[in-house]
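Coordinate-derived values only; no laboratory data. Note that the structure is predicted; figures quoted are calculated from it, not measured. Here Cβ is always computed from backbone atoms with ideal geometry, including for glycine, and neighbour counts include all displayed protein chains.
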Amino acid sequence: MEIDKAIRESDDSRLKIKYKNAVHVIQRALALYSIEEVAFSFNGGKDSTVLLHLLRAGYFLHQVENSSIKENHEEKKVPFPIRTIYFESPSAFPEINSFTYETADSYGLQLDIIRLDFKSGLEGLLKANPTRAIFLGVRIGDPTAVGQEQFSPSSPGWPPFMRVNPILDWSYRDVWAFLLTSKVPYCSLYDQGYTSIGSIHDTVPNALLSTTGSSNSEEKFRPAYLLQDGRLERAGRVKKKYPASDGGQLTSISNGLGNENLLTSRLFTASVIAVGDEILFGTIKDCLGSSLCKKLHSIGWTVSQLSVTRNDIDFVAEEVERWKSSNDMVFIYGGVGPLQSDVTVAGVAKAFGVRLAADEEFEEYLRQFIGEKCTGDRNEMAQLPEGITELLHHDQLPMPLIKCQNVIILTATNVAELDQQWDCLTQLSKSSGLLVMSEPFMSKRLATTLSDIEIAQPLSKICLEFPDIHIGFYRKSRKGPLIISFMGKDKKRLEAVSAALYNRFQPGKFSEVD
């Protein structure tokens, strides 16, 4: 069998281990279920292409072990009997559809074409063709990989079947090592710079593979297998813009309901969580929280709360759980590292109800950063929340930041490091839409020697008249002047609220503060 022969003759020891383990999973499944009881979900992408050829090799070896054929028989004499499911979508790339049908013809796949959503399609398919197990090309890091093992029953509410995941522990590097070593065909889009293919609405070539560094229509890209950092595989998943009838731009975020201004004018909220017993004991002063709040206001975001929690997994999990569903983004810092008190990553995993699992690419990055001390099971820093983790990498960052859905884990320990990480986040956001940049908050501050009693009632009325303006009060010292702070996104409104306050008192009662 040409696939098995190519891998066995390869000098890549890592690939040989991955191949051996994947084929073992396939052979276990074929021993547990009859060939009529299994199916294979194929979508034309690189992962499912890998799985197709692993299944071909696994089935061939399964037949060899059962003495059905002789090992020196050519692969074309061993038919591929596993029923193959293809969910055809109108938003799929034409190249994906073409490759899928060409592959089916080349390898004699029994293609069941479904034009419904995945769940409805499966329900109909399983009623017509009783199936006990489905081979899936899921890898750790995929959104659907959360909580899965190599053999995982389907989720509650879904048709009952066993999900078989032979390449669950494969990395981006492993996928391309297999495809190139085996010399099997793959979708042509990967040679055009696409590294992770979704729909036509959210997929573009990966800018990291650009050979011109420009954004014009003549831009050229290197093949996907030349992407050096596999953690940036999904950097080509962006929200495309489409021309609107009014001359504006529609985005996939707005779902066609309005123009881009609806998105940037919306008020985005963030929650900030500091983790550290030292802050709670007053041993150190938390300077990062206030600095991060200022940065968020500078891009038009409002902060719903700033909290400090203990170095305890349950406390961290409770705090993240409390705020992740009510905010667009949660930023958490402190408690990240190899020490016993560094429990932030574990707390985030618990908040999402997922386990910690080794991330091979992150471990390789750690090994390069801190040397060979980062090895094996002892490297707990390489354990990341399973299935929900995205690594945010930038050339200026010594280590990538960790994003778990809408929670960003910052590793900064001082303001200078926070400044660097924030600059990298905002740069990444320009291409990925990570943080929506909207109109920044502006402020206007007035100082007065009026007493709190004198100013309380007029200010209460002004608050009702200007609900879009945040009005705050503070004193720098007990006997110092009262500072009234107005914050908003419209300069004219800030001038209007100031004028309204002036008009309620005699001239000279207020002065502007820089």
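With a Förster radius of 60 Å applied to the beta-carbon distance between M442 and E65, the computed FRET efficiency rounds to 0.25. Simple rule: put +1 on each Lys or Arg Cβ and -1 on each Asp or Glu Cβ in the range 268-432, find the dipole, and look at G387, T344, T269; the Cα lying farthest toward the positive end is T269. Stretching the chain fully between L226 and C287 yields a gain of 17.8 nm (0.36 nm per residue, less the alpha carbon separation). What the Cβ-Cβ distance of I483 and K119 gives, at R0 = 60 Å and to the nearest 0.05, is a FRET efficiency of 0.60. Between E318 and Q396, the modelled label-to-label distance comes to 3.9 nm, taking each label 7 Å out from Cα in the direction of the beta carbon. Taking only the alpha carbons of the range 2-176, we obtain Rg and Dmax values of 15.8, 46 Å in that order.
Eigen-decomposition of the gyration tensor built on the alpha-carbon atoms of the range 442-513 gives equivalent ellipsoid semi-axes of 18, 13, 12 angstrom, largest listed first.
Its residues counted as N, the chain yields a C-alpha radius of gyration over 2.2 N^0.38 Å of 1.19. The stretch between I17 and R132, if pulled fully straight at 0.36 nm per residue, gains 38.6 nm over its current Cα-Cα span. As a proxy for reagent exposure, ranking C187, C463 by other Cβ atoms within 10 Å from fewest up yields C463, C187.
If R0 is taken as 41 Å, the Cβ-Cβ distance between S155 and K509 corresponds to a FRET efficiency of 0.05.
Classify the range 134-202 from the C-alpha gyration tensor, please: rounded if a/c falls under 1.5, else prolate or oblate depending on whether a/b exceeds b/c. Before the final figure, lay out each step's value.
Details: a/c = 2.39, a/b = 1.64, b/c = 1.46.
Prolate, since a/c reaches 1.5 and a/b exceeds b/c.
Relative to one another, the C-alpha centroids of the range 84-98 and the range 442-490 are positioned 59 Å apart.
In the range 319-337, whose amide N lies under 15 Å from the spot 7 Å out along Cα-to-Cβ of Q305? List them in ranges. Output list for this probe position: 319-332. Compute the separation of the alpha-carbon centres of the range 497-512 and the range 164-216 and state it in Å as a whole number. The two parts, judged by their Cα centres, are 62 Å apart.
Taking every alpha-carbon pair within the range 387-490, the share separated by more than 16 Å comes to 70 percent. Looking at the range 77-229, the DSSP beta bridges with both ends there are about 30 percent antiparallel.
Taking label positions 7 Å along the Cα-Cβ direction at both T211 and S98, the computed distance is 2.0 nm, reported to one decimal.
Can you sort I134, I35 by how many other beta carbons sit within 10 Å, fewest first? Walk me through the intermediate numbers first.
Working: I134 23, I35 11.
The fewest-first ordering by Cβ neighbours comes to I35, I134.
Given in Å, the Rg to one decimal and the Dmax to the nearest whole number for the Cα atoms of the range 268-432 are 15.1, 43. Between the listed residues N43, N503, S438, the Cα displaced farthest toward the positive end of the dipole of the chain, a dipole computed from Cβ unit charges relative to the Cα centre, is found at N503. The slack in the chain from S429 to V415, taken as 0.36 nm per residue of separation less the alpha-carbon distance, amounts to 3.0 nm. Under 5 Å between amide hydrogens, built in the peptide plane, is the criterion, and for F161 it picks out S154 among residues at least 5 positions away or on other chains.
Reducing the range 110-127 and the range 276-339 to their Cα centroids gives an inter-centroid distance of 44 Å. Candidate cross-link partners of K127 among the aspartates and glutamates, defined by an alpha-carbon separation under 15 Å and a same-chain spacing of 8 or more, comprise E36, E37, D112.
In the structure displayed, which of K295/K444; K220/K294; K350/K489; K285/K461; K220/K430; K285/K403 lie more than 28 Å apart, Cα to Cα? Checking Cα-Cα distances, K220/K294; K350/K489; K285/K461 exceed 28 Å. A simple count of charges around R14, restricted to other residues whose Cβ falls under 12 Å of its Cβ and scoring Lys, Arg +1 and Asp, Glu -1, yields -2.
Taking the Cα centre of the range 2-176 as origin, work out the dipole magnitude from +1 charges on Lys and Arg Cβ and -1 charges on Asp and Glu Cβ, in debye rounded to 20.
320
Tally the DSSP beta bridges in the chain and give the antiparallel ones as a percent, rounded to 5. It would help to have the intermediate numbers written out before the result.
Numbers: 33 of 64 bridges.
Taking every DSSP beta bridge with both residues in the chain, the antiparallel ones total about 50 percent.
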